[in-house]
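Every read-out reported here was derived from the displayed coordinates using simple, explicitly stated rules and does not represent laboratory data. Worth saying up front: this structure is predicted, and the values here are computed from it rather than measured. Cβ coordinates were reconstructed from backbone atoms using ideal geometry, including for glycine residues, and neighbour counts include every protein chain displayed.
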Amino acid sequence: MFGLGIPEIMIIGVVAVLVFGPKRIPELGSALGKSLRGFQEGRNAPDEEDDNYIEEAED
């Protein structure tokens, strides 16, 4: 995973707990998951501009 081993991931986790606190970690994970899901949906959804371009090309 990005060239990180188990020790590096553990250090990042400990620092995150120290910075944000154990109560905020699940909230941050949820927000990150929602952001990634929204990004993927936006990336996979067809754009109106693409539809307009296809209609113009057909004419």
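Here are a few things to note about the model shown:
- Maximal additional length on extending the S35-I9 stretch stands at 7.2 nm, based on 0.36 nm per residue less the C-alpha distance.
- Chymotrypsin sites (Phe, Trp or Tyr not before Pro) restricted to the range 1-41 and DSSP loop, no more than 14 other C-beta within 10 Å: F2
- Environment charge of A31, counting only residues whose C-beta is closer than 13 Å and scoring Lys/Arg +1, Asp/Glu -1: +2
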